[in-house]
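Visitor: Input: one structure, supplied below.
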Amino acid sequence: MKQHETIIINFPGGIISPGRLFDILEITEEIQVENVRFGSRQQLFIEIPNRHFETFTAACKQKHIKFSTAASESPNMISSYASNGIFTNDTWLSQGVYKDIFDQFDGKASLKINICDSDQSFVPFFTGHINWIASPNTHFWFLYIRLPQTNQLYRYPGLIYTNDVMNVTRLLEKIIAEKTAMFYDDVSLYGHFLQQLIDKTVKPITQPIEQVLILPTFQLPYYEGFNRYGNQYWLGIYRRNELFPTGFLKNICQVCLDTKIGELYATPWKSIIIKSIQLNDRHRWDYLLGKYRINVRHAANELNWKVEDNNEDGLILKRHVIRHFDKEDVRTYGLCFAVKTKSNPGIFGSVIIRRKVEKAAKLKSQERYELLYTPGFNPNSPDYILYRDNVEKEYLGPYLVSLCKLFYESKLQETVIAEPEINLLTTSSENEKPVFKCKHCLTVYDEQLGDPEKGVKAGTGFYQLPADYCCPLCDAPKGDFITATSQQLINAL
């Protein structure tokens, strides 16, 4: 029987208030939880013993601390805000612009939202469902939409003004959440649908896209240790086992409050960053790191990994491969490795180690893996290329070394990295083919896909369906299906 409840506390944009975090940790320490974790979407994970869950809940309510459980996870809005001033400089996307956008939201999100500077490779661009990427034009954004449970990307055909970011986001959250079934059957139809819906409902201020998004070459900055910038330091802290001692984090918050540091930052690499450390205060941070024996100089080939949140199996696999890399003295600069043990389309990485799940292995020794890489080794690409299949754990290291060699050989012929393959949100044509939709729930029957779950083969026309065919979502009879175009679907809403 499960002994703990996993609770998740979101930090929108990755920004953490030291005072708020101190309150959270104080409650956590009182119920004798010794360690907490940070997640890949810049949130906090805490394992609460079942016997203390009511106490924890009551204490959080008293201090107005909101949280969700793993079963009812509330997606976080992540951003590249933490990189501003240390990994990115001289862009129009300043900390003030970020905060203007964050202030428009109430801190809640029903879908994953990414807000990123285009001139950085610290935060992934397309792992959200709604992805805003700063364009070269001041205060205008690229918009990329990834449908839930897919790697299918749409791009809005224009640049959208900053003041319309929140309204467009809220519209998309609502329509995708309520009409999800409509979006999986016909890519082109619903590309038209989304674009027209945004234009008709929000009427955003836009500019034409004069140049497609050019992604920066992936070069993960070394995000650990003390680093000088200007007349200050920033400090990055990473934990090999992902566990941050509760007492250590409480002390961090106290030093921040004592030295008037108003923010610290969670990163997508499950680490934290503290900026604006004054030269005269460094000794306090050195003492704190020494007191808790915190190492802040790990090897670069250990920092460029993405492991699913709260996943010990993934961490074990990561350690296994890193040991082989260390033994062979392998260079991995410019690569990002991801371990995928679950069904998670939003995984980020240029090299993917994916556990096969067709036949569940009863023994660990029977588990097999796929090794994949992305086109051009671009970690922001949603597409994978199979490198090796049915690989045993003991052979992962040697094959990955070969894949690293392939990467550096391909670098000799490196070209500009453009946006991944997308579907444009474009206006519908006058001769748009009508589709058949249920008039009750708006589920679409796609003649090209058929309905395999009901025994209907791909390519079966609507009028060839058996008389007893019914809607797969609401069980309405075939006679309740009507024809519509994307414009008619919008009008129906």
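The values are calculated or read from the model by the stated rules, or taken from the named source; none is laboratory data. Treat the numbers as computed from the prediction; the structure is a model and nothing was measured. Here the Cβ positions follow ideal geometry from the backbone for every residue, glycine too, while neighbour counts run over all protein chains shown. SASA here: full protein model, heavy atoms, side chains in, ligands and nucleic acids out. Shrake-Rupley method; radii C 1.70, N 1.55, O 1.52, S 1.80 Å.
Visitor: Give the number of residues within the stretch 117-139 that are out of contact with any Lys or Arg (no Cβ under 9 Å at 6 or more places or on another chain) and touching a residue at least 40 places away in the same chain (Cβ under 8 Å).
Guide: 14
Visitor: Still on this structure, I have one more. For the stretch 95-114, which positions are part of a loop (DSSP other than H, G, I, E, B) and open to solvent by 50 Å² or more (accessible area, probe 1.4 Å)?
Guide: Of everything in the stretch 95-114, those that are part of a loop (DSSP other than H, G, I, E, B) and open to solvent by 50 Å² or more (accessible area, probe 1.4 Å) turn out to be 106, 108, 110, 112.
Visitor: So, residue 71, is that one without any contact (Cβ under 8 Å) to a residue 40 or more places away in the chain and either among the β-branched types (Val, Ile, Thr) or outside any strand (DSSP E or B) (or both) or not?
Guide: Yes: the conditions hold for residue 71.
Visitor: Evaluate the stretch 56-75: report whether one residue or more is surrounded by 15 or more Cβ atoms within 10 Å (Cβ to Cβ), in contact with a Gly (Cβ under 9 Å, 6 or more places away or on another chain) and either closer than 27 Å to residue 224 by Cβ or modelled with pLDDT under 95 (or both).
Guide: Looking through the stretch 56-75, at least one residue is surrounded by 15 or more Cβ atoms within 10 Å (Cβ to Cβ), in contact with a Gly (Cβ under 9 Å, 6 or more places away or on another chain) and either closer than 27 Å to residue 224 by Cβ or modelled with pLDDT under 95 (or both).
Visitor: Of everything in the stretch 76-89, what is part of a loop (DSSP other than H, G, I, E, B) and either open to solvent by 50 Å² or more (accessible area, probe 1.4 Å) or among the aliphatic types (A, V, I, L, M) (or both)? Give them in sequence order.
Guide: Passing the criteria: 86, 87, 89.
Visitor: I'm checking my understanding of the structure. Among residues of the stretch 288-335 that are under 25 Å from residue 408 (Cβ atoms) and among the aromatic types (Phe, Trp, Tyr), which one is most open to solvent (accessible area, probe 1.4 Å)?
Guide: Ranking the qualifying residues of the stretch 288-335, first place goes to 333.
Visitor: Right, here's the next one. From the set of residues in the stretch 167-203 that are at pLDDT below 85 and not in a helix (DSSP H, G or I), which is most open to solvent (accessible area, probe 1.4 Å)?
Guide: For the stretch 167-203, the residue satisfying everything is 184.
Visitor: If the Cβ limit is 7 Å and pairs must be 6+ apart or interchain, which residue in the stretch 471-483 that is part of a helix (DSSP H, G or I) pairs with which residue that is modelled with pLDDT of 85 or more and among the hydroxyl-bearing types (Ser, Thr, Tyr)?
Guide: Listed by first residue and then by second, the contacts come to 478/469.
Visitor: Within the stretch 277-287, which residues are over 16 Å from residue 247 (Cα atoms) and either of a type in the set (Val, Ile, Thr) or open to solvent by less than 50 Å² (accessible area, probe 1.4 Å) (or both)?
Guide: Within the stretch 277-287, 277, 281 qualify.
Visitor: Could you grab me the full set of residues in the stretch 11-55 that are open to solvent by 30 Å² or more (accessible area, probe 1.4 Å), without any contact (Cβ under 8 Å) to a residue 40 or more places away in the chain and not in a helix (DSSP H, G or I)?
Guide: 32
Visitor: Right, here's the next one. Considering only residues that are crowded, with 22+ Cβ neighbours inside 10 Å and either in contact with a Phe, Trp or Tyr (Cβ under 9 Å, 6 or more places away or on another chain) or farther than 19 Å from residue 221 by Cβ (or both), which ones fall in the stretch 251-268?
Guide: 252, 253, 256, 265, 266, 267, 268
Visitor: How many residues, within the stretch 444-493, are modelled with pLDDT under 85, surrounded by fewer than 11 Cβ atoms within 10 Å (Cβ to Cβ) and over 25 Å from residue 196 (Cα atoms)?
Guide: Residues flagged as modelled with pLDDT under 85, surrounded by fewer than 11 Cβ atoms within 10 Å (Cβ to Cβ) and over 25 Å from residue 196 (Cα atoms) within the stretch 444-493 amount to 7.
Visitor: Looking at the stretch 373-391, can you tell me whether even one residue there is of a type in the set (Ser, Thr, Tyr), farther than 10 Å from residue 351 by Cα and open to solvent by less than 60 Å² (accessible area, probe 1.4 Å)?
Guide: Looking through the stretch 373-391, at least one residue is of a type in the set (Ser, Thr, Tyr), farther than 10 Å from residue 351 by Cα and open to solvent by less than 60 Å² (accessible area, probe 1.4 Å).
Visitor: Right, residue 351: closer than 26 Å to residue 150 by Cα and modelled with pLDDT under 95 or not?
Guide: Against the criterion (closer than 26 Å to residue 150 by Cα and modelled with pLDDT under 95), residue 351 does not qualify.
Visitor: Just to be sure I understand, how many residues within the stretch 132-164 are of a type in the set (D, E, K, R) and either out of contact with any strand residue (DSSP E or B) (no Cβ under 7 Å at 6 or more places or on another chain) or within 14 Å of residue 195 (Cβ to Cβ) (or both)?
Guide: Count: 2.
Visitor: Only one of these conditions is not met by residue 427: (1) modelled with pLDDT of 70 or more; (2) open to solvent by 90 Å² or more (accessible area, probe 1.4 Å). Which number is it?
Guide: Failed condition: (1).
Visitor: Taking residue 8 as meeting all but one of (1) over 18 Å from the mean Cα position of the chain (by Cα); (2) in a strand (DSSP E or B), write down the number of the exception.
Guide: (1)
Visitor: Could you tell me which of the residues 226, 218 is open to solvent by less than 40 Å² (accessible area, probe 1.4 Å), among the aromatic types (Phe, Trp, Tyr) and not in a strand (DSSP E or B)?
Guide: After applying the criteria, what remains is 218.
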